[in-house]
Structures are given as C-alpha cells and as structure tokens.
4 protein chains.
Amino acid sequence: MKHIDNFKSIVDRYQIVFFDAFGVLKNYKGLVPGIEKTFAYLEQQGKEYYIVTNDASRSPVQLAESYHRQGLHAISPDRIVSSGMLAKEYLDLKVKDGIVAFLGTPESAHYIENEGRHTLSVNQVNSTNMDKVNAFVFMDDEGFDWFEDINKTVNILRKRTIPAIVANTDYAYPLSANDVSVAIGGIANMVESIVGKEFIRFGKPDSQMFMFAYDLIRERRQISKKDIVMVGDTLYTDIIGGNKFGLDTVLVLSGNTLPEDAEAAIHSTGIVPTYICESAVVHGGELDL
Amino acid sequence: MKHIDNFKSIVDRYQIVFFDAFGVLKNYKGLVPGIEKTFAYLEQQGKEYYIVTNDASRSPVQLAESYHRQGLHAISPDRIVSSGMLAKEYLDLKVKDGIVAFLGTPESAHYIENEGRHTLSVNQVNSTNMDKVNAFVFMDDEGFDWFEDINKTVNILRKRTIPAIVANTDYAYPLSANDVSVAIGGIANMVESIVGKEFIRFGKPDSQMFMFAYDLIRERRQISKKDIVMVGDTLYTDIIGGNKFGLDTVLVLSGNTLPEDAEAAIHSTGIVPTYICESAVVHGGELDL
Amino acid sequence: MKHIDNFKSIVDRYQIVFFDAFGVLKNYKGLVPGIEKTFAYLEQQGKEYYIVTNDASRSPVQLAESYHRQGLHAISPDRIVSSGMLAKEYLDLKVKDGIVAFLGTPESAHYIENEGRHTLSVNQVNSTNMDKVNAFVFMDDEGFDWFEDINKTVNILRKRTIPAIVANTDYAYPLSANDVSVAIGGIANMVESIVGKEFIRFGKPDSQMFMFAYDLIRERRQISKKDIVMVGDTLYTDIIGGNKFGLDTVLVLSGNTLPEDAEAAIHSTGIVPTYICESAVVHGGELDL
Amino acid sequence: MKHIDNFKSIVDRYQIVFFDAFGVLKNYKGLVPGIEKTFAYLEQQGKEYYIVTNDASRSPVQLAESYHRQGLHAISPDRIVSSGMLAKEYLDLKVKDGIVAFLGTPESAHYIENEGRHTLSVNQVNSTNMDKVNAFVFMDDEGFDWFEDINKTVNILRKRTIPAIVANTDYAYPLSANDVSVAIGGIANMVESIVGKEFIRFGKPDSQMFMFAYDLIRERRQISKKDIVMVGDTLYTDIIGGNKFGLDTVLVLSGNTLPEDAEAAIHSTGIVPTYICESAVVHGGELDL
C-alpha cells in the first residue's frame, strides 16, 4: 500500500481508469473541485475511463446529462456502467414476457422496458394482473408510497415464485454533510428477510459490475486486467470489489473514508488498496491545459 | 416429543400455562373457536395462566379489552406479559429524564410515558430538542409516515449516541389468510443495519419475556419452572424461547405451523417441543361447564 | 456516561456488584494488580458481589480454586455464575435421561453429569449408542481431536433431532498479549451454519446470565435492579447485556477495550455504559486495610 | 419452469453446457450411471461443455485424471473451471512476491505456486518469516492439524493486514450416503467471524466463476449467454449463480435436491431454474452410439 501525493502519477501508470461516482467525482455539494482537470489529463494522455456506479435511478443518458449540467462534459453515456444496466441485462436475457413489477420512479422503470415486457409500478399490481408478474425489481427509493407499496411488495413476493432483482445494493446514500437517506438496497434487504427468499443483487462489490465494464472495453481492443485501476472512496464496495476482480485499486479520501480513519479502517477490515491518494484530482503545472 | 389429542391433558399436568396470543388464542378472523372452554377449564381447575406476547402497540389494559370485546372475559390485564412491558421497564430503570423519541402510534407511546420522561413522536424531533433525546423506541408499525419518519430515525440514531429499543422483535404479522404486514421489528432491523449500531430487543424468543412472567408469579408464591408449560404456534419464538428458559413446551397447529409441515419443521430446525397438539382448545363432555 | 477516577466511588453507590472475570479481575498474566483491594473494600463495606462469566470449562468450585491459587481468596464458589451453570440447569430441567454427548474436557463434562443422565465424549458416540443421545453440549475447545470430533459432531446433529446447547458463546479468548485461541462458541457457530439447525446459547449478553445471579440474591433477600451494577471490559457482552437487563454498567479499560478507543467504540456501537473507569481497582489511603 | 424428461432435449437447445461436478456427474459412489452417454452425445453433436466446480483441492490436470480413472475420458483439463483457478488468477494478478501462507494439502498449494511467490503451509509460518506473508489462502480441509493450524491462522490474520482468499466457498461436502465433512469454506467463515476482517471468496454462486468459463470460450469464438445452459443440483449455488449471470439453468435431481423436495424448495427460496430434469443423463435409442 503506497501513499501517492498526486493522482497524476496513478493515471500515468495505467491505460484505463475506473471511477466510482459518489465521493470520488462528486458529493452532495456537486462536483469535487478540480475533478475536470483529471478528465482533461486523461483525454490529453489518451487514457480510457469508465464510471462504475451503484445506481439504478436513471439511465446512462440521464446520468451523463447530470454531469454535463454540472459542467463535466467529458462523461458520455457510453462511459457509464451502472448497476441498473446489469438489472436490464438480466431482464433482457431471462424475462422475455409478462409484467416486471417495480419499486421506483417512472424514469427508473422506463429504462428497463422493452418490447415483449411490460413494467408496472407496484401500486398498479392487483388480483387481475398478479399472475402475469414474472419478475420484481427494486430500482429506487423514490416514486412510491413506502407504507402501502413496501407492504404490497412483501405480499406479491410471498405469493409469486419469481426472481426478485435488487438493482442497487447500497443501504443508504448521503443527502448532505450530516444526513443520509435509506437506499433501495436497504429496503430490499428488509423485504428479503421477511419473505425468506433469495434475491439477486447487482452492484459493487460484486464482480459482475467490473466484468460489465471490462467487456465493454474488450469489444473494441485487447486489454489485460493489469492495465486497469479502480478508484473509489469505499473499502467495502469499490476496493474489495476491484481487488477481487484482480484490478489494482486506489482509495481516495474525498468521500466515505476520512483521512484520519483510513489506516485504521484498512487494518481492521483487511481490505488493502494498492494506493491511497487524497483525491482523484490531477495536480500540477506540467499539466498544460 | 409426544402427540397429544386433547389439550385438556396438558392442562392437567401443569400448574401454570403460558400462552402465545396470535395463532393460539386468536387469528386474523378473531378468537380461535372454542378457546373460551380452555379458560373455563383452567379457572375450574384453579390453574394459573399468562399471555406472553410480542406486542408493544397497546398497554395490557387495552390488550385485555380487545379480548373482552371478542367475548373472552377471562383475560385480565394482570395476566398479560407483552414485549412493550419490558421496554417500559427498561426505560423506567435506565432513562430517567429527557425525551424518548418513538416510531408508533400515540397509544403505544402513552403507555411508556412517566413523570420525568417525555415521549415524542419522531416527526416532532427537530434541531431544538434533538440534544434532549435520551432514548429511541421502535413501538409499532403504524402512526407515522414511513418515508419521512424512517429516514429521520436513521439520522437521529446516527447523530445521538443513545440506546435504541425494539419493543417488538417480530418482522411481520398476519393481516388475513393470505396477507402479512411488515412489523416494527422488521423496520428496526433495516435501520440497525444502516446505522451500524447495536439495538436492544425485547420479545420472544428472548428469555427476558419468560422471566418477566415467571417473576410475576413468584411475587405471590413459590413455583418451579417444572410447573409451567409454554404454548405457542411458532418454533422460532415460542418453542425455542420456552425450551431455553427451561419450560416444557407445546406446539399447537392452529397458526404459523401447519399440521402437514410440523414434523419436517421440527427436524430441520432441531427445535423440539415437549408436545404437539392440534390446538389449545380443551375438548370433552367431562368438562362440566 | 460519567468518567470515574476511583472505582471506590462506584462501590459506594450500589449494594451489589457483578464482575466479569477476564479483563476485569484477571488477564493472561494473572490477577489484575491491586484487585484484592477491591474485594477487601467490598467485604469491609458489607457489599455483595458475583462473578458473572462466560465459561463452561470448569465447575464453580474449580473456578474458585483457580482464584485462590492466584491469591484472591474472597471468591468462593457460591459467588460464581458461569454460562456452564445455565447449561447444567437446562439439562436438569429438560433432559431427564439418555446420553448427553459433548465437545470438551472430562472436567467440563463431569460438572453436568447427574443421576439419570450420562455424559459421553463425542468420540465415544457410535452406531450402538447414537439413538440414546438426547442432547449435545458444546462445553470447551479442548479435550478432543478437532478434525475427527468436529466432523463427527456435524453428523450426529444432522441425524438426531435433539437440542444442541452452546455453554459458552464466546468466539475466542486471549492466550497472551498478542495471541488468541478459538473458543467453543466459535466452533459451535460453524457447526450450526453447516447443519442448519437452531442451537441454544448460554452466556452474556443474554439476559439469562444476569437473571441467574439476580435469582441467587433474591432467594435470600429483597433487592431491586437499581441496587446492582455490572462491571465489564467488553461492550458487546457485559455492557449491552447488563444495560438490557436494566442494570447500571461500568466499562473498565483493563481488558478488551483500550483507553484510547473507548469513546469511539461507544459512539460507533451505540452501547453506552453508565460509567467509564480505568479499572475495577479501589484506590486510596482512606481504605484502612 | 418446465419439466424435461430426457436431458437430450436440453442439449439440443444449446451450443454450450456448463456442468456442476458433484451431484451431477458424480457422487460419493462414483460416476452417475450413464453419464458417459451424455458426453458421447455432446461430442457427436459438436457441443462444447465445461465443468464449473467449487474445488481447490487439486489442479485441473489432477481433477481430469480423477475422471479418467473412473472411466470418463471426455473431460480434459481445459474443460474444467474450478474455484481454485480463480484463487490462482487473483494471486497472479495481485500478489507478486513474498509468501502465500495456506491451509490445505501440498498438492493444493503446488498449483498456486509461481516464480516470484512462495507458498508455505501455515504450520511453517513463524516469527522469522511472518513479515513476508503477503496473502493467506484457504485451499482444502485436509493436510493440516486442525487445532494447531486453525488457531495459528487466526493469529496470523489478526497480525498481518493482508488479503485472505477462500478458494472454495462450500461449507460441507458429502462423504457417503449419510455423512458429510466440513469443507474449507466453513472453516474460513469461522476464522473470518473471529478476526473480523473481510475475506475474498471464490466459488459459485459468485459470477466470477461463470465469467471465467465464459471468457475461456470467447477467447476462441463469438458466443452469447443465450447459447449456454448451466446444469446443477443445488439451488443456492448452481442455479441462482447461473441465473444471475444471465444463463438458462437446469436443476437435476441426482444430488442435493431430492425429487420430492424440488418444488417446495423452489417456491420457498424463489430460486427458479429454467428446467427441472431427473438427471444429466441422455437417454434413448436414437442416440446411435
């Protein structure tokens, strides 16, 4: 584990960089200050990059637009790998027809629609269409009435023997410097413990997230896992997930892991990043931008 | 493990009977048909009985009234031991002053009020009184806005280093023949996994429930654990809890455990009741009532 | 939560003191230096005390002798409440005859023997006596061949539908300043996860430990939980267990919880002792001993 | 979920078949009778196949030889994907030098050796080489003294902040019709719960197992996940893992899942295979072999 002062030297060592989004590129206040310099340097050096994020609230197009609105234009939809994309791939491969009931917003559901398959918010499931529900997806923590619709979800999943997909495994996400909000992964866990069935989860630290990004690259060119580095702020998702997939990893201290806690957290969890770096911001005058 | 045809022969063997409530005395349709004969026989034989129930939604007085309204007058408040009573005892012993914030109905909170201590629904906690919140209690799944107040609970418990009490450990409860509802124990579990702290739980199978009832008896007379039998419909709460406390136990098949599944469930869990009986109803003409 | 400089002022506030053993009275090097002064002061002041310990390796008589050998004569067998005693009480109440198979030393088993019941080391269980095995007890991590006998235990518990008792819930115990040893509670957990049955566990933080000691006192005199304080070095067993039972609690910093970590550990777990004190040693010249 | 009488019709629908080993191709008595016909038919039809197995006890070459000795010559080393291969890939990518300590047999360790890296049985780790231990691997349940070496493993992992790799996640494996043996995955779980660190696990149901096999195929030719079917006897590993990776799945009833339990197990777990088939044996005279 090496301490690195300037993220620039990380970029220089690899051909491809995977970034976590929250706590690395942005936080509850907006973009991490200076992060645009990192993407300018990546472009200048001809390095490839992907955002690998536990998020199923929106499509990659919508996610990219949110970066553009904040002034980070380097991130196009084809550079985003979200846990929602894995849920969509699962449904495309495994659930050809019928209804996919969901907890989430209409936007989150729109993305997983396809021709043969129909999405339906859980509040519209009733005794006339219950038999056609062939899968259930936990997409987002907003867009539904928690009391009515969580209870209804429990009863749908007790009655129907169907796959239940968790499209974002996070338990909570930050709202502000002091407050968090329960994420759909937390709600899914509660429902799972009540119905006693096995849900299918997509999201870091699971390898399938990293594999999805890795495959996107390999469709176009030969690459080795040694050429990729994963950058994240969370030991339990970004770092252990990246390590297990065989990537080098960078823990940045701009999010969940505070600078004063990093060493103790690494020791107590046994999750060891290849590097520790204050942030993913590239510094230095040699960056002729 | 003996199969018993008539609950009467169970009553005849013990001086004191502990009953679980839901699935034993009542179900979603009302009282278990014939259960009044059991209490008539208990009274006739001079046997003592207690209802030992995971419930913090109401006080013992209100719980007794609900049996009276349904026609079972034998159950007086002093015969009821609820998990809510343990939560109240905890607060009386350990939280002398300040605010006890809660999730639940006003009735559930009314019961845990006392002189020095003030209860406050979570939606009324704010930045001006947050510092005085000295405990948090999960009482009931109704009486609050799930989205607003569960999220607020998470943030209160992240900020305040205070005991969090779960006054009913059940994850769900039956609403009808086909539907269940998420119980406050399920919600508490989700919150605990998000805030990462250790909550204090009251309710079967924990021994403290049985001890509370046992102490009520011993205040008045000498008794041995061998003189008590625990009757319940659920292996994971009533039976293993009663066994561990050292009581003989009866599994009745009028609730959670279906007659056709009982043997397999006992074998697969290793939770062995002393007896199996169809229901807690006393049968027979010899019962001169 | 108050910081207390001298344990003497704790003793002065209560009538009865419950002590954890390891990390409070002794550690891997022997007795905590000066601890005899605490017991002298307790005797002088006419205060009652009990050792409440997760230990099933020996009988209370043998445990007391080990204190005597080290020079602490104040601890007699009747002052010791061990998790092994709860296992014995369970067997006495619930397993009247047949064989109780066990993992542990002959000494640990000797203590749970009684007239109708026969204990048998797991290595002596075979096809001729398997049918008579009516309970299984995890007593101690020594006295058996781990490979042979843990595997045999798994297969006995898969075949026999009998109660499995864990007489000490600890996962590990300290051997020296740097090393720990796997405890029988850790082994029991592994076996439970493999056989998929529910085991019965005795030991702190479970309330039944505290109740056992509380009952010993009440056999002789009236007492309230307010008159008792629990002293321990471990938040997850001594402190949360004592709190839940309704006792005031003292976290001492002479064992598992290091002085520099105490505040952070309390905040991150939400387990709040009534007091924090450097050790359970009574200081001061006013102690005319 | 369709019931299929003859495994032949499964083979006819896909280009590539993934097989679990134990309970599908073989059991404790040897090969599943008739399984050689399946491989003859696969060869005849020009279908590709892989064995995807949680096993780190031996190299693919040794695993293939064990099939050959039993008379199944169709299985060559390049057709085997084992969890041990993933552990080896991890080490090759992430642990360039120093010592890899292990629990297991010398054969299991030999396979993960490489030039820069040295493997060392845990019993040979001591104070002089402890500092060079850069990773720990749980390989196999044999080849070491359980008492000495499991305790030593706990202490190595408490002292060294290094990755701990579990090369086979299974908790137990069958020894005979009636008996099982604790597997290294069960031991690893116990050690993890004691040291409190996060281990890295390889094996079904984790996607990385399926991905490894999928990549082997794609090195040589274009393929879609729709062309592959996964065949297994265990819902919790083979079926949910295959499903999550996006493959069609076949539950065979020749191993862990008994014919009489299959429907209930599917309903209670919510893990739904695409097909159910008695075994993986191809039947029928039309098979001109």
Relative to the longest principal axis of the C-alpha atoms of chain C, give the angle of the C-alpha long axis of helix C:146-159, reported between 0 and 90° and rounded to the nearest 10°.
70 degrees
Which semi-axes, in whole Å and largest first, does the equivalent ellipsoid of chain A have when worked out from the alpha carbon gyration tensor as the square roots of 5 times its eigenvalues?
35, 20, 17
Using Cα springs under 10 Å in a Gaussian network model of chain B, which residue among B:I184, B:I223, B:I35 shows the largest mean-square fluctuation?
B:I223
Copy-to-copy spacing for B:E219, label 7 Å out on the Cα-to-C-beta vector, in nm, shortest first?
2.3, 7.2, 7.6
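Please list A:62-70, A:76-84, C:138-146 highest first by mean number of surrounding beta-carbon atoms within 10 Å per residue. Numbers along the way, then the final one.
On the way: A:62-70: 15.7, A:76-84: 20.6, C:138-146: 22.2.
Descending mean neighbour count gives C:138-146, A:76-84, A:62-70.
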Shielding of D:161-168 by partners, i.e. mean partner chain Cβ atoms within 10 Å per residue?
2
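With contacts defined as alpha carbon pairs under 8 Å and 6 or more residues apart, what's the relative contact order of region B:221-289 in percent? Don't jump to the answer; show the numbers that get you there.
Values: 90 pairs, mean separation 20.8, N = 69.
That works out to 30 percent.
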Sum of side-chain charges, B:V166 neighbourhood, beta-carbon under 14 Å (Lys, Arg +1; Asp, Glu -1):
-2
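What's the FRET efficiency of B:L216 with A:Y236 using the Cβ-Cβ distance as r and R₀ = 30 Å, to the nearest 0.05?
Details: r = 46 Å, r/R0 = 1.53.
Result of the calculation: an efficiency of 0.05.
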Among all the aspartates and glutamates, which ones have a C-alpha under 12 Å from A:K225's C-alpha, if same-chain residues fewer than 8 places away are not counted?
A:D215, A:D248, D:E89, D:D92
Copies compared at D:K2 - label distances in nm, ascending, label defined 7 Å from Cα in the Cβ direction:
5.5, 5.6, 7.6
Taking Cα atoms only, helix C:60-69 is inclined relative to the longest principal axis of chain C by an angle, in degrees rounded to 10, of 50 degrees
I'd like the mean, over residues of B:242-248, of how many other protein chain beta carbons sit within 10 Å of each residue's own Cβ.
5
For region C:156-289: relative contact order, % (alpha-carbon pairs under 8 angstrom, 6 or more apart):
17 percent
Along the positive direction of the dipole of region A:84-201 (beta-carbon charges: Lys, Arg +1; Asp, Glu -1; about the Cα centre), which of A:I150, A:I194, A:A177 reaches farthest?
A:I194
Stick to Cα atoms and the Kirkwood definition of Rh, then tell me Rg/Rh for region C:85-201.
0.95
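Below 8 Å, C-alpha to C-alpha, sequence gap of six or more: please give me the relative contact order for chain A in percent.
24 percent
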21 Å Cα-Cα threshold exceeded, pairs from A:K37/A:K88; C:K204/C:K226; C:K26/C:K204; C:K37/C:K204:
A:K37/A:K88; C:K37/C:K204
Around C:N27, which amide H atoms from residues at least 5 apart in sequence, or from another chain, sit under 5 Å from its own amide H, with H modelled in the peptide plane?
C:V32
Could you work out [θ]222 nm for the protein assembly as shown from helices alone, using -39500 (n - 2.57) per DSSP H run of at least four and dividing by all its residues? Round to the nearest 500 deg cm²/dmol.
-9500 deg cm²/dmol
When chain B is treated as a Gaussian network with springs between alpha carbons less than 10 Å apart, the largest mean-square fluctuation among B:V180, B:V125, B:V229 is found at B:V180
Using the Cα centre of the protein assembly as shown as the reference point, and only Cβ charges (+1 on K/R, -1 on D/E), how large is the resulting charge dipole? Debye, rounded to the nearest 20.
0 debye
Long-range amide H contacts for D:L120: which residues qualify at under 5 Å (H placed 1.01 Å from N, peptide plane, sequence gap of 5 or more or a different chain)?
D:V100, D:A101, D:F102
For chain B, set up a Gaussian network in which alpha carbons nearer than 10 Å are linked by springs, and say which option among B:E148, B:E115, B:E36 fluctuates the most.
B:E115
Report, to the nearest 10°, how far helix C:184-195 tilts away from the longest principal axis of the Cα atoms in chain C, using its own Cα long axis and a range of 0 to 90°.
40 degrees
Could you give each residue of region A:74-80 its phi-based ³J(HN,Hα) in whole Hz, using Karplus coefficients 6.51, -1.76, 1.60 with θ = phi - 60°, and x for Gly or Pro?
6, 9, 9, x, 6, 9, 10
Rounded Å value of the spacing that divides the Cα centres of region C:124-187 and region A:80-100:
46 Å
Using a 10 Å cut-off on Cβ to Cβ distances, tally the other chain neighbours for every residue of D:206-214 and report the average as a whole number.
4
If amide hydrogens are placed 1.01 Å from N in the peptide plane, which non-local residues have theirs closer than 5 Å to the one on A:A172?
A:A183
Separation between the A:H267 and B:N114 pseudo-spin-labels, each 7 Å from Cα along Cα→Cβ, expressed in nm?
4.3 nm
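Just so you know, all these numbers are worked out from the coordinates, no wet-lab data involved. None of these values were measured; they are calculated from a predicted model. Glycine gets a Cβ as well: all are built from the backbone with ideal geometry, and neighbour counts include every protein chain shown.
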